[in-house]
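Student: Attaching a single structure in structure tokens format; questions to follow.
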Amino acid sequence: MHRYSFFNNYCKLEFTYERRVQNNMSTVADLLKLPCLNKCFITAGINGIFSTVKRIDISETSFPEAEKYMEPNEFVFTSFWNHRNDKDNRINLVKSMIEHKSAGIGIMPGINLNDKIDQEILDLADVNSFPVMYIPSHVRWSDVISDFSLLNSSLNKSELDTNFTNILYA
């Protein structure tokens, strides 16, 4: 059993769940356990917290060009650098991510968005159970990549150990 607490400016959400991992895949909830993301929180789309995350991407690619790189179960991190003055395309990017069945989005709004995530994005995320993670400005993308890589390699190692044990005792 795992216990999670999420905080934001408006509320505290606590819940307990039993993790049922399918094919040793990570979830959005697992991302919040990464050391580099320990000050992050879900601002919207909380019902999608257990969405599978097969890979992560750091993207500052403009919409609509970003669509050709979208993949299902991918969690995208961004500061919206290319969209800092284009609210419509920020919203369109999130709509497209939902259509492409992305796992969620981590937004670092401090630098380019005056530390505010657009309400339209939050509303869209809630309606579609699409997790939006608030990323503080001190987080470094290289740490996210490194920590996620370690998480996945530990999940893969666990699966390999189980497979090896099954072979030995078959």
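The values are calculated or read from the model by the stated rules, or taken from the named source; none is laboratory data. Bear in mind the structure is a predicted one, so any value in this text is a computation, not a measurement. Here the Cβ positions follow ideal geometry from the backbone for every residue, glycine too, while neighbour counts run over all protein chains shown. When the accessible area is computed, the model is the full protein with side chains, heavy atoms only, and any ligands, DNA or RNA have been set aside. Shrake-Rupley method; radii C 1.70, N 1.55, O 1.52, S 1.80 Å.
Student: I'd like the full set of residues that are surrounded by fewer than 21 Cβ atoms within 10 Å (Cβ to Cβ) and either touching a Leu at 6+ places or on another chain (Cβ under 6 Å) or in a helix (DSSP H, G or I) (or both), limited to the stretch 92-108. Give the steps one after another, and end with the answer.
Tutor: Quick first cut of the stretch 92-108, residues surrounded by fewer than 21 Cβ atoms within 10 Å (Cβ to Cβ) only: 92, 95-96, 98-101.
Scanning the stretch 92-108 gives Asn92, Lys95, Ser96, Ile98, Glu99.
Student: Just to be sure I understand the filter: pairs with C-beta atoms under 8 Å, separated by 6 or more residues or on different chains, first member in the stretch 79-91 and open to solvent by 40 Å² or more (accessible area, probe 1.4 Å) and assigned to a helix (DSSP H, G or I), second member polar (S, T, N, Q) and at pLDDT below 95. Which pairs pass?
Tutor: The qualifying pairs are Trp81/Asn112; Asn82/Thr61; Asn82/Ser62.
Student: Exactly one of these conditions fails for Thr43: (1) outside any strand (DSSP E or B); (2) closer than 22 Å to Gln119 by Cα; (3) modelled with pLDDT of 50 or more; (4) not charged (D, E, K, R). Give me its number.
Tutor: (1)
To keep it simple, each residue is scored yes or no on (1) at pLDDT 75 or above; (2) under 23 Å from Asp123 (Cα atoms); (3) in contact with a Phe, Trp or Tyr (Cβ under 9 Å, 6 or more places away or on another chain).
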{"position": "Arg19", "(1), (2), (3)": "no, no, yes"}
{"position": "Pro35", "(1), (2), (3)": "yes, no, no"}
{"position": "Phe50", "(1), (2), (3)": "yes, yes, yes"}
{"position": "Glu60", "(1), (2), (3)": "yes, yes, yes"}
{"position": "Ala66", "(1), (2), (3)": "yes, yes, no"}
{"position": "Met70", "(1), (2), (3)": "yes, yes, no"}
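Student: Sticking with this structure for a sec: I'd like the full set of residues that are open to solvent by less than 40 Å² (accessible area, probe 1.4 Å) and not in a strand (DSSP E or B), limited to the stretch 64-78.
Tutor: We begin by selecting, within the stretch 64-78, every residue open to solvent by less than 40 Å² (accessible area, probe 1.4 Å); these are 66, 70, 74-78.
Within the stretch 64-78, Ala66, Met70 meet the criteria.
Student: In the stretch 48-63, what residues are open to solvent by less than 60 Å² (accessible area, probe 1.4 Å) and closer than 23 Å to Ser154 by Cβ? Working first, answer last.
Tutor: Looking only at the stretch 48-63, we keep the residues that are open to solvent by less than 60 Å² (accessible area, probe 1.4 Å), and these are 48-49, 51-53, 56-63.
Within the stretch 48-63, Ile49, Ser51, Thr52, Val53, Ile56, Asp57, Ile58 meet the criteria.
Student: If you don't mind, another one. Just one of the numbered conditions (1) closer than 24 Å to Leu150 by Cβ; (2) at pLDDT below 95 is not true of Phe75; which one?
Tutor: (2)
Student: Filter the stretch 138-147 for residues that are loosely packed, with under 11 Cβ neighbours inside 10 Å and farther than 10 Å from Lys39 by Cβ and give the result.
Tutor: Arg140, Ser142
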